[in-house]
Structure formats: C-alpha cells, structure tokens
Amino acid sequence: MRSVFRQSLVDCFWTASVSCLFAQSNWTVVGWNNLGMHCMDSDYSVFSILPPYNVIHAQVIDGQGDLITSDAGVGVTYHAVADLAGSINRTSAGKTGFWDYEDLYFGLSLDLDEGLPVPGPETFRMPGTNNIPQGMRFESGMNWFAAYGVPIAPYDDNQKPNQYPMMRLMVTNANGQVLAISDIVLPVSDEMDCKLCHGSGAGPAAEPPAGWVWAANPARDYRLNILRLHDANQMTNSVYTDALATHGYHASGLYATVVEQGRPILCASCHLSEALPGSGLAGIPPLTEAMHSRHEQVVDPRNGLLLGNDANRQACYTCHPGSETRCLRGAMGRAVASDGSMKMQCQSCHGSMADVGSPLRTGWLDEPNCQACHVGSATNSFGVIRFADALVGGQLRTNTEPMFATNPDTPAPGHSLYRFSRGHGGLQCSACHGSTHAIYPTAWPNDNVASLQNQGHAGTMNECTACHASMPNTRNGGPHGMHRIGQSWVNDHNDAAQQLGKNACRTCHGQNGEGSVLSLAFSDRAITSEKGNVHYWKGQKVTCWGCHDGMNSSDRTSKGVPTVTDVFGFTTSGVPVAITLNGSNLRIVDQPRHGLVGLNGSIATYYPEASFAGQDTFTFAANNGYNDSNLGRATVTVEDDPGAVEAPAASHLFAAHAPADGLLDLGLATSLGDVYRIDSTTNLTGDVQWDEGAGAIWGRSDVTWVPDPAVFDFMRHFRAVGIAEPPFPSPARDDGTETAYDGGWTAGSNGGQGFGAWTLSVSGGSGGFFMAETNAVSLDADHRA
C-alpha cells in the first residue's frame, strides 16, 4: 500500500498550489478534525455563541513504522486543496463578518484569516489567497501536531456553500523535502439557527413582551428578538443586573447594549463554556446547561411535541446543524431503521435534552464513550456485540470489557473521551477511526479521501502496510488484539488457533465460527486456501465455513453459499419505493448515496432525497447461518416529478391584500437603505381564495413565507393564471413618521412565480412598516383555478 501513498506524493506535485520537493519515503501522516463538525455563527453583529474555530490534529509514522515522538528535523503544514468536486477554500475573507467585531468580543486585533489564540499563545491562520502552507505545532504530551482556531468558513472561494472543505497535510524534513501527505476535511457549518421560534412573527410563545423587532436582516432579527426576550425574563434578577454592570453593558439590558451602544454580546462572557477558557460568571449557569434545560420544555411548533421529548427526532437539528449539513455522517449516521429513519439519533448517544442540560454535567467533557455501545467480543456477557444506544435510565451503560474502551481519566480525572484516547502504537483512536460524528467510512466522499490515500480503500485504517513497510508477523499484536491479515495469515491461522486456543478465534468469528460484525472484510480481498481461490467482498463476514467445515474440522466445507440476484426499482423525486429482495436473513451492506433504505424482512424501501433525480444504488446480501451470499446490487431510477413546483427561497415577512374594490395593498418589513422584492401572499393554501364573482384574489395580511414544498399545490394553479404586472405603485408610507415616499419604486421580477413585483429603496425614514397601493391585477379567465 506504500505505492498508493507514493502516488499521492506525485499527485501533490500536480494538484497542490505549492511546489513539492520529494524524498524517497515510507513515512505516513494521518490527520483529522477533533470534533467531526465545528459550528460558527452566521452573523456576529448581535451576539456570538461560536466564533470561526477549527482544529487539526496529525500524527506522523516514520519509515520504520514507529510513531514519531518529537518534531526534531520534521515539520507538518496545512494548505488548501481542491476536493473531489473541485471546490477549494483558501481564505475566509469576505465570507464572514467575524473580523468586523473580534475586537468588541475579545479585545483583540486580528488580521483577516487569523484565528483566535485559544489555547494560545500563538494563532493559526487560513492559508490565504496565495495558499501559503501554515505550520502546525508539536505537542509532546499527545505526540501529535496541532493547529487550533483555524478560522475556516463554510463557503469556498467561489462563495458556494461547502461544509466539508479540504486541507492537505504535508510532512517535510529539515531540507524541505516532502515525506508524506494526506488530505483531510475541516468540517464547518453556520447552520445554527433559532428563527423557527424567535424570528419575528414566528408565534406568540417566544414573542418578547415589547413586541417583535422586525429587523430586515433575518439573521439579525431573531438574535435581537432573543436579547429582547432575555432582558424581559431577567431584568428583575439582581444576578443579571450585576452581570450587566460587571461587563459594562447598558443598564437597560443586552438589547440596548447592541442597538444603542453598537456592542455585540459574547454569550460566554456570562455563561461559562468549556470551549473558552476563563469564560462565565459565578452564579450563572453554563451555556450548555442554560440552553438545553431552558428549551427542553418548549413546544415544537412543527409537531406539538416538546423539544425534550425523545420521540421528537427533529429537535436537535432545529438549532444544531443537521437539516442541511450532515453532522452525524459517519458509521453511526449510516445506520438506518426499517422505516427509513436514522436508527441512531443524537439522543442515542447524548441522551435527552434534560440529560444534556443537567447541572450535574460538565459540557464538552461528560460525553458518551465507545464502550457504552460497543460492549465487547462476539462472546461477551451482554449477548450482543453492540447496542444502538449508549444510555440506560439517563446514565451511560457501564462495561468493564476493555476491547473497545476509551482511556480512563482522559483528558481529565473522571472523564473518558474518544477524541483524546489512544491505542495501537500510541496512535490516537481518531487516527484510524476518524473524527467523532464522522467515524469511517462516512456518507460524505471528502471524509474518505485520507483513508483512500493511505490504504487504497475507504474505511477504518486497517491495512498494516499503510504504516508498516512490510506485514508484521503477529498473531494478536494489532489494534484491539487483531491478527495480521492477508495471505500470510491464511497460511498461519491454523497453527495460531492451536497455539492461542479457539476462544481467541471466537472473539470475533463467533461461537461456532459463523462470523460476526467483528469479522467483516474491510476491503475486497482474494486469498488462496485448501478450497482454492476465495474472494471476499468488502463487508462480507469471514467465517470458518467459507473454506472448511467449521471451527473443528479441516474438511472442505459442506455448507453452500447462498445467492442473490440484482434488483431494480423506479420512482419519482421524493417518493419512496418498495423493492422485494431475494434471499433470507438479508441485510443492507451499503446505503445509497442519495437516499436511505429501510429493510423489513425481504422488503427494502428506498427513500430518495427530496430533490434528487437520477440513478442511485445500494447493495445487500443474504446469509444461510454459515456464509454470506454474493453481493447483490439494487439500482433505483429516480425521475423528476413533472408536476413539481420548485419552492422559492425564503422571503422576508410581507403582507398583501386585494379586495373586490380593485386595490392591492403591498406591505413589507424593512429597514432604512435596504431594497426588497414584493411577492404575493399566495404561498399558503389557506390564505388565498378565488372569488369568481368579484374577479379578484385576496389573502390574509401578515403572512410569513414558508419554503415548504408541501404548501405549493394551490400555487400551481396561480402559475397558470398569468397575472399581469401591476402599474406603478402610489407613494409608500412610513407609519413611523407618517411620511410618504415616492419615486423610490422600481419594476422588478418576482422570481418567475407569475406575479408582478416591485422593489422599494428607502432613505430618511424611521425603519417602520411600509405600505403601498397599486391597481388591481388582471386575470386570464381561461385559466382559472
């Protein structure tokens, strides 16, 4: 596999925007992001929960297969590299407003592309438009190279969203020669969002007593509403007023601090965050506790369930990235229940919102560990190899089996975190298994590039020769007590079983050698046995019955291999389709790229992504109790829905009314100097009616645009109506100053929805709510709904 890696070095020359001077090398570098997803705020003008802050860790294995434990004569750098789709992210300049406010938040003066000095003292940067490699520091206590606070944003250099941008790690010697490279993902999302409940007009439950703010910028709007509500709830609390004074905030509260003083609020200045050393004030609950404990009793306006109800699978992604960004995209996120939902949800590992917000919990440190689900070998006392949930009665499942356990008291006494634990050869667990939330293999191709480079296939780093120049001659000295793999093991495994005892085999291959999830082939592999040439497909159970008659016999196997045949399905975008698979004891081996498959007996139901059209595939296999079948393939053709109407982008709040007297009132929420498009209220079926007698359209005012395809059935009728563009509107009126504004209207397009549109540029007004009147629209009688 070293030849694969050397080819990657050659690729460095052709694809990196830095020159590479090569040395003959069998060195390896493995790198990862520490969390699997870093969140950042989309707006910093009001308050900040999380700044742009990403972390890279890397470990280097020398040509003898040993982990290096110092940086003597060796350095590691990172720079941007194009991903599989050609997207590259060299700089964060122009992609976030963070550097407009960092001095107000942290009292620092940072250059563009320069990150926060946390933990410090140095800062780490984006490579910049010239893609200059950035050095990482070596930390001897962990034997890794690290870069903290890299301020990457989720937009590439063409301003297109990319939550999985890639950086190239490069190991060089003292002469500047390249010894090893690896391309890793720095996952980042600004999808954190509170507008479902806190956006102006969202609903009465979260409306501040002083009323909605109605700011023109939606990201600023809900943040201001939150501060206004926060003030209303806390101003009678002396701890709160003392905190305002401590930080020099406006005595009237946080809202006034932002609006009147132009000073944004760092949430961690009062609410302690373990991610920001020195944060918080005594007597005020930590940020994690405050957020989760407060919101677990909030009713979800979408389904009527409490956000803290474990049955509410939308709850976490209401605020955390997940609706668009695939935060949980690794092996656990690829587990699918029979109904097509994710078998493992956020609550499966982290517990309920009440658990996460418990005052007895330390945020960022009291997290689930591996052994709470991965309880041990194929013959362990639990009766299962792994559970799909980590908690029992709100507490982590206890397990003394060390096979898959994280290190105790790591990184601090009483805590045991995967992202700080280490195992084989001193390598961090993340070096071989990937980042939390993105355990190899993941559903996102960029995450799998590093393992493809180092070992030739996606998934857990399992190929010994990815790090060792030759196959080690070991029977149980590999990771988790693993033996070597490949033909040399086939030749030796019988003698090893006699020496170590068959219980050593049962650990992974099962009580009777029937195989288990611990004996799956990591990659396609061909071996030669007494049976002849044998091929294993990636994910196939390796059993004792594939070649000989079980664990206790050297006779050729008497058990056959079941067979399955490929299947096909057809559907339209967003419509599930049930496909009958052939065989017994079926399982889905690989999920499709553009959807999910739930398996119930022999019926596999394919759930396509809502917007996907094209061809998708998934694989499956049967089992006869002794051997897996051949690998079956299901091909699903997903056609466009010819009647579908593309949902328009989310709009600002807007009101319109057209009574029978022939006047159409246009209203919009705005602020001074902004330009907005006027749209129709006909986005909601219940808000639009057809009156044949009056020959007009009317709808309720104050309707919020809801970008949900489910509400557009009625819109299709209006697309066919062909409503004429209204004439020039009369002067707009500012209800804040009772001043009329004329000459500011310009004709525009409403995005092809079939309605006329106008925009209004305002200057010198109060920033209140504007109304305007136009003549009634005309209708084509031949195309009435």
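The table below gives the values:
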read-out: Top-ranked residue in region 418-451 [being at positive phi and in a loop (DSSP other than H, G, I, E, B); ranked as surrounded by the most Cβ atoms within 10 Å (Cβ to Cβ)]; value: Gly434
read-out: Tally of residues being basic (Lys, Arg) and under 17 Å from Gly376 (Cα atoms) across region 503-542; value: 1
read-out: Test: residue in region 343-351 that is part of a loop (DSSP other than H, G, I, E, B), over 16 Å from the mean Cα position of the chain (by Cα) and not assigned by TED's automatic domain parsing to the domain that holds Leu50; value: yes
read-out: Output for region 241-258, where each listed residue is out of contact with any strand residue (DSSP E or B) (no Cβ under 9 Å at 6 or more places or on another chain) and either surrounded by fewer than 18 Cβ atoms within 10 Å (Cβ to Cβ) or not in a helix (DSSP H, G or I) (or both); value: Thr241, Asp242, Ala245, Thr246, Gly248, His250, Ala251, Ser252, Gly253, Ala256
read-out: Search result, residues across region 181-197 that are touching a Leu at 6+ places or on another chain (Cβ under 9 Å) and surrounded by fewer than 19 Cβ atoms within 10 Å (Cβ to Cβ); value: Met192
read-out: Hey, Glu324 assigned to a loop (DSSP other than H, G, I, E, B), more than 23 Å from Tyr164 (Cβ to Cβ), among the acidic types (Asp, Glu) and modelled with pLDDT under 90 or not; value: no
read-out: Residue count for region 506-542, restricted to those that are touching a residue at least 60 places away in the same chain (Cβ under 8 Å), hydrophobic (A, V, I, L, M, F, W, C), more than 17 Å from Ala331 (Cα to Cα) and buried (at least 19 other Cβ atoms within 10 Å of the Cβ); value: 1
read-out: Any hit, region 213-232, residues being part of a loop (DSSP other than H, G, I, E, B), of a type outside the set (S, T, N, Q) and either closer than 20 Å to Asp300 by Cβ or not assigned by TED's automatic domain parsing to the domain that holds Ser252 (or both); value: no
read-out: Within region 510-593, strands (runs of 3 or more DSSP E) holding 1 or more residues that are among the acidic types (Asp, Glu); value: 587-590
read-out: Unique residue being of a type in the set (A, V, I, L, M), under 30 Å from Asn54 (Cα atoms) and buried (at least 16 other Cβ atoms within 10 Å of the Cβ) when the list is Leu281, Leu266; value: Leu266
read-out: Filtered residues of region 74-91 (kept if within 13 Å of Ile181 (Cα to Cα) and either outside any strand (DSSP E or B) or not hydrophobic (A, V, I, L, M, F, W, C) (or both)); value: Gly75, Thr77, Tyr78, His79
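The values are calculated or read from the model by the stated rules, or taken from the named source; none is laboratory data. Predicted, not measured: the structure shown is a model, and the values here were computed from it. Neighbour counts run over all protein chains shown; Cβ positions are idealised from the backbone, glycine included.
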